[in-house]
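Colleague: Here's a structure for you.
The values are calculated or read from the model by the stated rules, or taken from the named source; none is laboratory data. Just so it is clear, the structure is predicted and the values come from calculations on it, not from any experiment. For the accessible areas, the whole protein counts, side chains as well, though only heavy atoms, and no ligand, DNA or RNA atoms are used. Shrake-Rupley method; radii C 1.70, N 1.55, O 1.52, S 1.80 Å.
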Amino acid sequence: MKRFTKTAAAAGTAALLLAACNSADEPSGEATDGGGDDPVYAAMASWNACEVLGDLQPVTDYMGIVGWGASTSEGGLPGNSELGNTWDPDALGCNGLFNLGDYEGYSMSGEFSVGIIPAESEDAAADLFTGRVSRIESDAAEGQDLVQEEIGDPWDQGAAYSWVGDADQPYTQVIAQDGQWVFHIDLYHSNDYGLRGGGDPALAFTEDGLRQWFIETYLPQVNQTVNERITEVQ
């Protein structure tokens, strides 16, 4: 559980990390014990997160992302990370750098990482949730203007965090547990260049609006999608 980012703004560094998460290297970090003989864990461990999450198309549409893979990409898709990857070994991941378009010659971009984290039991999932919350709060404490909101039904527990980090970049992390799995969103992006000097917004969303969309629309959709697949193996 090492990927709770203080992400460098340099695209080169992030790209190298993204490549590492798709590599065949041995996993590192505090991964779970593999779930033993639990059929739900075994089934989830074989999933392709990007396939389960529709290649993050709802996120692409809501945020107005014009390309995946680099800060200047057009088109493309986020990358899949299997369980045991070197970036976040406990999670099935779907992630990538993205392009939010240009404003007066300046590129707006960011990085999005989402993890589906299976566990061998509800207690183990609760422990994973608690550990990740601690790391998120540690990261958020280094920023400014933190906003935190609790997440309830259909989740057992959850929270969304937004703050301003280095270079005035907005950061958002969302974490929620349902039964024996955890869902984790980790996002940062350029601030809205259109608002500098009092101009009109250049991004398709606001930070408050994005956080509420995650809580009220996207997370319920993910919860239903994942739990429908879990039901098939129970």
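Colleague: Residue by residue through the stretch 123-140, which ³J(HN,Hα) values in whole Hz follow from phi under the Karplus form 6.51 cos²θ - 1.76 cosθ + 1.60 (θ = phi - 60°), with glycine and proline marked x?
Modeller: Once θ is set to phi - 60°, the couplings for the stretch 123-140 become 5, 5, 5, 5, 5, 4, 4, 4, x, 6, 4, 4, 6, 4, 5, 5, 5, 5 Hz.
Colleague: Just need log10 I(q)/I(0) for the stretch 46-189 at q = 0.16, 0.18, 0.21 Å⁻¹, Debye formula, equal scatterers on the alpha-carbon atoms, no solvent, rounded to two decimals.
Modeller: Reported log10 I(q)/I(0), two decimals: -0.90, -1.12, -1.38.
Colleague: Would you mind telling me the share, in percent, of accessible area of the stretch 186-234 contributed by carbon and sulfur at probe 1.4 angstrom?
Modeller: On the way: 1120 of 2470 Å².
The value for the stretch 186-234 is 45 percent carbon and sulfur by accessible area.
Colleague: Can you give the accessible area per residue of the stretch 56-167, in Å², using a 1.4 Å probe? List each step's numbers first, then the result.
Modeller: Values: 4730 Å² over 112 residues.
Value returned for the stretch 56-167: 42 Å² of accessible area per residue.
Colleague: Return one quarter of the surface area of the convex hull spanned by the alpha-carbon atoms of the stretch 111-234, equal to its mean projected area, in nm².
Modeller: Details: hull surface 32.1 nm².
Answer in nm², one decimal: 8.0.
Colleague: Using a 1.4 angstrom probe on heavy atoms only, work out the carbon and sulfur share of the accessible area of the stretch 102-152 in %.
Modeller: On the way: 1020 of 2550 Å².
Using a 1.4 Å probe with all protein chains present, the stretch 102-152 comes out at 40 percent carbon and sulfur.
Colleague: Through the Karplus equation 6.51 cos²θ - 1.76 cosθ + 1.60, θ set to phi - 60°, convert the phi angles of the stretch 229-234 into ³J(HN,Hα) values in whole Hz; use x for Gly and Pro.
Modeller: Coupling constants for the stretch 229-234: 5, 5, 4, 5, 10, 8 Hz.
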